[in-house]
2 protein chains.
Amino acid sequence: MATTRIIDDDRLTAVGLLVEVHRGLTNKFAARLARHGLSENELEILLRLGRTPNCQLRMSDLAAQTSLTTSGVTRVVDRLERAGLVTRASCDTDRRGTWAVLTDTGLERVTAAVADHIDDVDRWYTGLLTPEQLAALTEALRIVRDTVRPEAVAGVDAARARPRAEV
Amino acid sequence: MATTRIIDDDRLTAVGLLVEVHRGLTNKFAARLARHGLSENELEILLRLGRTPNCQLRMSDLAAQTSLTTSGVTRVVDRLERAGLVTRASCDTDRRGTWAVLTDTGLERVTAAVADHIDDVDRWYTGLLTPEQLAALTEALRIVRDTVRPEAVAGVDAARARPRAEV
DNA sequence: TAACAATGGTTGACGGCGCAAAATATTGAA
DNA sequence: TTCAATATTTTGCGCCGTCAACCATTGTTA
């Protein structure tokens, strides 16, 4: 029982803060997203598709970008397809592959959802900080991201949906 | 299908970064925690208990601090109890209430786990930044945390396990 | 004191996601 | 050609945590 003091450490509270902020934001965002019938993961997938020239991406690319498992992506896309926001198309050049393709209604839906979402982001996150604070935050996060999740860095740009870049 | 341009926004990438970092860190941490037989949530609960003078906290307090549901806390504590790291004790002053009490082996376990964990935190997070960068990051996060999750601010300090602070 | 709302905690049903094993397609080598 | 090794996606199973319904206790109001 005695007194314990190992457990208070600055580094620990630093991550703690990050985790708390993440959870807090997630909760704040969830409500409005739900009004659009979307979860955070679903929004992210739709976004990634929407950022692409042809509005399509291969399942494995989605998995790489989102740090969902491929199986996770399968299920999310299942739901989105059932909702009519995405369709699957088989890949001509490699018949193992599958494209997830954003439908027109999918594009409309994500556009509307994102508009609202950005309001929330501004309200609960970026809008709370001075430009300098935000810049510093972003810079620090980018440094951590680059070493903790290097695939994603490549992923964002290398996600050219057209001829399917070899990895 | 057409060309899409709605979807690129600085604010969006700012949250995206936060989410990516969180996921990345979570993944990095999970491996070593698993070697201690703990999940992130389990570690957090043990930590909160360990920080307390009597190594005990009420279920509802744990829920408030961790932003798990009360039912979530019930199940985590179930597991921890099954593992012998925590016991439940009924509360004399309010017989609805239940204390979660850290056992001696629980304290040992969390101490060992935290030591390793801090290494990871330093390696993948705090150690990557200059003191100034870390300070700026922490400050910005704290601002966001305070508005996004005000309960937690009170919670951390008001978590005096002794006579049970009224909320 | 009786009646009833409010609080603390647990339970059952359920959904989301990961892991590992399938199913299918591709590539390379003998 | 044929067979092994590899790559892409899906599926079976199980864990974890939420939601809503529930029981027990406490506080309040009359």
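Readers should treat all values here as calculations from the given coordinates under stated rules, not as data from a laboratory. Everything quoted here is computed from the prediction, not taken from an experiment. FYI the Cβ positions are ideal-geometry reconstructions off the backbone, even for glycines, and counts take in every protein chain you see.
Things worth noting here:
- Members of segment A:58-107 that are more than 8 Å from DNA strand C (Cβ to nearest atom) and at positive phi: A:G84
- The helices (runs of 4 or more DSSP H) located wholly in segment A:59-145 that include 2 or more residues which are within 16 Å of DNA strand D (Cβ to nearest atom), more than 9 Å from chain B (Cβ to nearest Cβ) and surrounded by fewer than 15 Cβ atoms within 10 Å (Cβ to Cβ) occupy A:70-82.
- Taken together, the residues in segment B:41-58 that are surrounded by fewer than 18 Cβ atoms within 10 Å (Cβ to Cβ) and in contact with a Cys (Cβ under 7 Å, 6 or more places away or on another chain) amount to 0.
- Among residues of segment B:82-102 that are of a type in the set (D, E), those with a Cβ under 8 angstrom from a residue that is in a loop (DSSP other than H, G, I, E, B) and surrounded by 12 or more Cβ atoms within 10 Å (Cβ to Cβ), sequence gap 6+ or separate chain, pair up as B:D94/B:R164.
- Meets criteria (closer than 30 Å to A:E132 by Cα and in contact with a Lys or Arg (Cβ under 9 Å, 6 or more places away or on another chain)) for B:T126: yes
- The requirement of being touching a residue at least 12 places away in the same chain (Cβ under 8 Å), within 16 Å of DNA strand C (Cβ to nearest atom) and of a type outside the set (K, R) is fulfilled nowhere in segment A:117-126; no residue meets it.
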